[in-house]
Amino acid sequence: MRIVSGIQPTGNLHLGNYLGAIRNWVRMQDEWSAKGAQCLYFLADLHAISMPHDPVELAANTREMVAALVSCGIDPDKSILFNQAQVPAHVELQWLLNGTARMGWLNRMTQWKDKAGKNREGASVALFTYPVLQAADVLLYQATHVPVGEDQKQHLELARDIAQKFNNDFCAEGAPLFTLPDPIIPPEAARIMSLRDGSAKMSKSDPSDMSRINLTDDADAIMQKVKKARTDPEPLPATVEGLAGRPEANNLVGIYAAMAGTSPADVLAQFEGKGFGQFKPALGELLVETLSPMAARYRELRQDGEALDAILAKGALKARDLAAPTLARTYQALGLVRG
C-alpha cells in the first residue's frame with residue numbers, strides 16, 4: 001500500500017490550512033504507516049508555476065511549507081517528504097503521458113474552466129495540462145491510494161483513465177504497467193471561515209490579519225483575535241439547527257469542534273445558553289493549547305534554512321529511487337531507446 005498526496009506551497013499558513021489538509025496528512029501517516037503503508041507527501045512547486053508567480057516568493061513558501069508540515073507532525077523518518085522540482089521524473093512522466101491524455105478529457109476539467117475563466121487563450125499551457133502532471137505525480141510511484149477532496153475527485157478519475165488507456169495501448173494483456181489508484185476520502189475536513197466574516201473562507205489574502213489565526217501567532221495574538229472575532233448577541237442554541245442564519249456563530253462552534261475532535265452538537269450541548277463572553281475564552285484556550293507548541297516549532301524551523309533543505313533533499317533521494325523503475329518501464333513500453 002502506498003499513499004501519495006501533494007500540496008501547493010503557500011505562505012502565511014493559517015488555521016484553515018491546518019484543519020483542512022495538514023492534520024489529515026498527519027493522521028494518515030500515523031495510522032497507515034502502522035499498517036505497513038508508505039506515505040509520500042510532496043510540495044507541488046511545479047504545479048505552482050502554472051499560474052503567475054514570484055520566483056523568490058515560491059522558494060520561500062516551499063521552505064515555509066516544509067517547516068509547517070514538520071511542526072504539525074509530519075515525520076520525515078515515517079513519511080517521504082519532498083518537493084517536485086527535485087524529482088525530474090515527475091515532468092518526464094508527464095510528457096510521456098501527454099501522448100495518452102486526450103484534449104477532450106482536459107477540456108472537461110472544471111478547475112481548468114474555473115482558473116482560466118473567460119481568458120482561455122491567455123492561460124498557460126501548464127494550466128491546461130496541470131491534470132496530466134497530477135496523474136504523473138501518483139502513477140510514478142504506483143500509488144494505491146490518493147486522498148481526495150471534492151475538488152480533486154475529477155483529477156483522480158482522469159489519472160485512472162490515463163493509466164487504464166496506457167495499460168491497454170502499450171502493455172501486454174494481464175501485465176499492466178500502472179496501478180490504478182483508489183481514492184481515500186479523508187474525514188470531513190473542517191471548513192474554516194474568516195473571523196471577520198462568517199460567509200468567507202479564512203484566507204491569507206484577506207487584508208485584515210484579524211480575520212485568521214496564523215500558525216505563527218503566539219498565545220496573546222490568538223486570544224486577542226478570538227476575543228475580537230465577529231459574533232451576534234444571541235446565546236448559543238441547543239441544536240445545530242439553531243445556528244442556521246448565524247454564520248459567525250456557526251464558524252466558531254465548528255472551529256471548537258474541529259480542534260477538540262468532537263461534533264458541533266457536542267459543543268452546543270456543553271455551551272447551550274451561554275453567551276460568547278463565556279464561549280470565546282474557552283475557544284481561545286483550546287486553540288492556544290493545541291497550536292502554541294506547533295507555532296514555536298514552526299518559528300524555530302523557519303530560521304534554519306539548511307535543515308529544511310536537508311529534509312527536502314533526503315526525501316527527494318528516496319522519491320527518485322522509488323520513481324526510477326516506473327519511469328524506465330514507461331520509456332520501454334513506448335519504444336523509446338535510452339542509453
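Couple of notes before you dig in:
- Relative packing of peptides 70-76, 37-43, 214-220 - highest average C-beta neighbours within 10 Å first: 37-43, 70-76, 214-220
- Vicinal HN-Hα couplings computed from phi for the range 267-283 (Karplus, 6.51 cos²θ - 1.76 cosθ + 1.60; Hz; Gly/Pro x): 5, 5, 4, 7, 10, 3, x, 8, x, 6, x, 9, 6, 4, x, 5, 5
- Amide H contacts of GLN38 (H built 1.01 Å from N, under 5 Å, at least 5 apart or other chain): ARG2, ILE3
- Shown in residue order for the range 322-336 are the 3J(HN,Hα) couplings computed by the Karplus curve 6.51 cos²θ - 1.76 cosθ + 1.60 at θ = phi - 60°: 5, 6, 4, x, 5, 5, 4, 5, 5, 4, 4, 4, 8, x, 8 Hz (x for Gly and Pro).
- Surrounding net charge for GLN164, when Lys and Arg each add one and Asp and Glu each subtract one, Cβ distance under 14 Å: -2
- Taking other residues whose beta carbon is less than 11 angstrom from the beta carbon of LEU40, and scoring Lys, Arg as +1 and Asp, Glu as -1, yields +1.
- Residue-averaged 222 nm ellipticity for the chain, from DSSP H runs of 4+ at -39500 (n - 2.57), nearest 500: -16500 deg cm²/dmol
- C-alpha long axis of helix 153-170 to longest principal axis of the chain, angle in °: 10 degrees
- Rounded to 10°, Cα long-axis angle of helix 55-71 versus longest principal axis of the chain: 70 degrees
- Charge context of LEU58, other residues only, Cβ under 12 angstrom, K/R +1, D/E -1: -3
- One chain, two ends: GLU173 and THR262. Fully extended at 0.36 nm per residue, the span grows by 27.1 nm beyond their Cα-Cα distance.
- Point-to-point label distance, LYS228-ALA296, nm (Cα→Cβ direction, 7 Å offset): 2.6 nm
- Where labels lie 7 Å past Cα in the beta-carbon direction, separation of ALA219 and GLN8 in nm: 3.7 nm
- Placed amide H near GLY6: partners under 5 Å, 5+ positions off or other chain: PHE42
- Projecting label points 7 angstrom from Cα along Cα→Cβ for ALA244 and MET210 puts them 3.2 nm apart.
- For the pair ASP161 and ILE49, the difference between a 0.36 nm per residue extended length and the Cα-Cα distance amounts to 37.8 nm.
- Cα gyration tensor category, rounded, prolate or oblate, for the range 83-222 with a/c compared to 1.5: prolate
- For the chain, relative contact order (Cα pairs under 8 Å, six or more residues apart, normalised by length) works out to 23 percent.
A short reminder: the numbers here are calculations on the coordinates, not readings from a lab. Computed from a predicted model, the values in this text were never measured in an experiment. Glycine also receives a Cβ, built like all others from the backbone with ideal geometry; neighbour counts cover every protein chain displayed.
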